[in-house]
Amino acid sequence: MPAKIIDGKAIAEEMRAELATQIEELKQQGVTPGLAVLLVGEDPASQVYVRMKGKACEKLGMRSETITLPADATEAEVLEVVERLNSDRDIHGYLVQLPLPDQINEKRVLFSIKPEKDVDGFHPVNIGKVQIGDPTGFRPATPYGVQQMLVRSGVEICGAHVVIVGRSNIVGRPAAALLLHKGEGGNATVTVCHSRTKDLPGMTRQADILIAAIGSPEFVKGDWVKPGAAVIDVGVNRVDDASAKKGYRLVGDVDFEAAREVASAISPVPGGVGPMTITMLLYNTVQAARQWVG
Ligand code: GUN
């Protein structure tokens, strides 16, 4: 029997409805949650992401601000905006869209964001809090979304063997920390694999929950999946497709058609992790506003 589909779009909508209630409650207390995004330069992919974040905010009745600086902006100019956002009482959370142009030291900028407003969870204080399971730290949106997809689709995480393929700072490593936490959505046994792992298929076949975040199209084959496993595909890769209107289509890091014949549940691409990421960013911003209120 083919796997059940873990529908990220539906779960994201369910969470946005919950957020709408929390936003209404905040508004009744005179606070509109506000998210700002700083974009430096004109990278088309970043412009699309930033526009999507702004639109999602407005749709939920949140305040949204986008600040753009030219590609040749200096580090001082970026830090000036960061300082302004750190003290702006209408902005409860913000992020600096990455990557930044070469002349700007990314680490210096991320370290300057006030941790209480760092809804991306990229400041070392929040990274540390996530590592030690301190619930006051902002959890980065993508792995937090992955965890919510598992929890909300009824996949048993407690005691499960989770194998993560990919050790990036924004997905693999924080995903491992979140699933290892004590408490709901945690208590897994976690293995993190990467490009140097020996016998990768042998490792992934041990997974009750397999998370693919390696950034390579259809890298994980159907016979790498243990029968009955749950599979979350974090990858978003463009592959040429002359029959598609745009000349390409999106595929994940997992060979979906093959894996769905083996797994018990699987998230698709598109319509899986993607819709969850912005939702979790909005979620973090609303939590920032709630903390600010009281
Ligand atoms: N660039 C690509 N993804 C992200 C993200 O999640 N946050 C930021 N700040 N930049 C990104």
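Assess whether Ile232 counts as being within 16 Å of the ligand (Cβ to nearest atom), of a type in the set (A, V, I, L, M) and under 18 Å from the mean Cα position of the chain (by Cα).
Considered against the rule, which asks whether it is within 16 Å of the ligand (Cβ to nearest atom), of a type in the set (A, V, I, L, M) and under 18 Å from the mean Cα position of the chain (by Cα), Ile232 comes out as no.
I'm checking my understanding of the structure. Among residues of the stretch 35-50 that are touching a residue at least 60 places away in the same chain (Cβ under 8 Å) and crowded, with 23+ Cβ neighbours inside 10 Å, which one is farthest from the chain's Cα centre (by Cα)?
Val40
Being within 13 Å of the ligand (Cβ to nearest atom), open to solvent by 20 Å² or more (accessible area, probe 1.4 Å), in a helix (DSSP H, G or I) and charged (D, E, K, R) is true for just one of Lys27, Lys53. Which residue is that?
Among Lys27, Lys53, only Lys53 is within 13 Å of the ligand (Cβ to nearest atom), open to solvent by 20 Å² or more (accessible area, probe 1.4 Å), in a helix (DSSP H, G or I) and charged (D, E, K, R).
Among the residues of the stretch 171-189, which ones are surrounded by fewer than 19 Cβ atoms within 10 Å (Cβ to Cβ) and among the aliphatic types (A, V, I, L, M)?
Across the stretch 171-189, the qualifying residue is only Leu180.
Working only within the stretch 78-102, note down all residues that are part of a loop (DSSP other than H, G, I, E, B), in contact (Cβ under 8 Å) with a residue 12 or more places away in the chain and more than 14 Å from the ligand (Cβ to nearest atom).
Residues satisfying the conditions are Asp88, Asp90, Ile91, His92.
Checking Ala36 against (1) under 22 Å from Gly145 (Cβ atoms); (2) touching a Phe, Trp or Tyr at 6+ places or on another chain (Cβ under 8 Å); (3) more than 15 Å from the ligand (Cβ to nearest atom): exactly one of these is not met. Which one?
(3)
Tally the residues that are surrounded by fewer than 19 Cβ atoms within 10 Å (Cβ to Cβ) and part of a loop (DSSP other than H, G, I, E, B), restricting the search to the stretch 1-18.
Looking only at that region, the number is 3.
Every residue in the stretch 189-204 that is assigned to a loop (DSSP other than H, G, I, E, B) and over 27 Å from Thr277 (Cα atoms), please.
Arg196, Thr197, Lys198, Asp199
Step by step: first the residues of the stretch 103-134, then only those that are part of a loop (DSSP other than H, G, I, E, B) and more than 16 Å from the ligand (Cβ to nearest atom), then the one that is surrounded by the most Cβ atoms within 10 Å (Cβ to Cβ). Which residue is that?
Among those that are part of a loop (DSSP other than H, G, I, E, B) and more than 16 Å from the ligand (Cβ to nearest atom), it is Gly133.
Could you list all residues from the stretch 257-294 that are in a helix (DSSP H, G or I), more than 30 Å from Leu26 (Cβ to Cβ) and out of contact with any strand residue (DSSP E or B) (no Cβ under 7 Å at 6 or more places or on another chain)?
Glu257, Ala258
Being open to solvent by 10 Å² or more (accessible area, probe 1.4 Å) and in contact with a helix residue (DSSP H, G or I) (Cβ under 9 Å, 6 or more places away or on another chain) is the filter here, so list the residues in the stretch 234-255 that pass it.
Those that are open to solvent by 10 Å² or more (accessible area, probe 1.4 Å) and in contact with a helix residue (DSSP H, G or I) (Cβ under 9 Å, 6 or more places away or on another chain): Val234, Val236, Leu250, Asp255.
Taking the condition away from the ligand (no atom under 15 Å from the Cβ), within 30 Å of Asp233 (Cβ to Cβ) and touching a helix residue (DSSP H, G or I) at 6+ places or on another chain (Cβ under 6 Å), does Gly137 pass?
Yes; evaluated as a whole, the condition is true for this residue.
The values are calculated or read from the model by the stated rules, or taken from the named source; none is laboratory data. Please read all numbers here as calculations on a predicted model, not as lab measurements. Glycine also receives a Cβ, built like all others from the backbone with ideal geometry; neighbour counts cover every protein chain displayed. The area values use the complete protein model at the heavy-atom level, side chains included, leaving out ligands, DNA and RNA. Shrake-Rupley method; radii C 1.70, N 1.55, O 1.52, S 1.80 Å.
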